[in-house]
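The block underneath contains the structure these notes are about, expressed in structure tokens.
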Amino acid sequence: MMFVTAYGALIEDAKVGKGDFVLISAASSSVGLAAIQIANYAGATSIALTRNISQKEAVTAKRAAAHVIATDEVDLVRTLTRPKHKLLISHCYVCEGGMVMVQAD
């Protein structure tokens, strides 16, 4: 079911594709991991958000996302907006608490 949820939001609704940057919350969850795979399949760059370093390591070990950020360890806004690492986030996929939201620019 997690792939259907992520596919519908990312592909059907947001039309994620090559060149897009997708920020995925709760990336270590089943829906989050499915969203990473689907974003990658669509040609997008996936940026995974996890809460802590152990979850970050779990996602990193799967080599699924292009970037993995532990939000308890760093300031998310500063990390995403540093001139050296500045990324244009085209989609935000929130999959916490059963809620799925995709925001496109």
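The values are calculated or read from the model by the stated rules, or taken from the named source; none is laboratory data. Here the structure is a predicted model, which is why all the values come from computation and not from measurement. Because the Cβ atoms are built from the backbone with ideal geometry, glycine has one as well, and the counts that use them run over all protein chains shown.
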Checklist line | Counted residues, segment 27-54 - those being of a type in the set (S, T, N, Q), surrounded by 21 or more Cβ atoms within 10 Å (Cβ to Cβ) and either more than 20 Å from LEU80 (Cα to Cα) or at pLDDT below 85 (or both) | finding: 0
Item checked: Candidate set: segment 1-26, residues that are among the aliphatic types (A, V, I, L, M) and under 10 Å from the mean Cα position of the chain (by Cα); chosen: the one farthest from LEU80 (Cα to Cα) -> ALA26
Margin query: All but one of (1) surrounded by 14 or more Cβ atoms within 10 Å (Cβ to Cβ); (2) of a type in the set (S, T, N, Q); (3) touching a strand residue (DSSP E or B) at 6+ places or on another chain (Cβ under 9 Å); (4) assigned to a helix (DSSP H, G or I) hold for THR5; state the number of the condition that does not hold.
Written below: (3)
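Keeping to segment 59-92, report how many residues are among the small types (Gly, Ala, Ser), modelled with pLDDT of 75 or more and surrounded by 15 or more Cβ atoms within 10 Å (Cβ to Cβ).
Matching residues across segment 59-92 total 4.
Is there a residue being within 19 Å of THR79 (Cα to Cα) and within 13 Å of the chain's Cα centre (by Cα) anywhere in segment 27-41?
yes
Search segment 8-26 for residues being of a type outside the set (Ser, Thr, Tyr) and assigned to a loop (DSSP other than H, G, I, E, B), and hand back the single one that is surrounded by the fewest Cβ atoms within 10 Å (Cβ to Cβ).
So the residue we want is LYS18.
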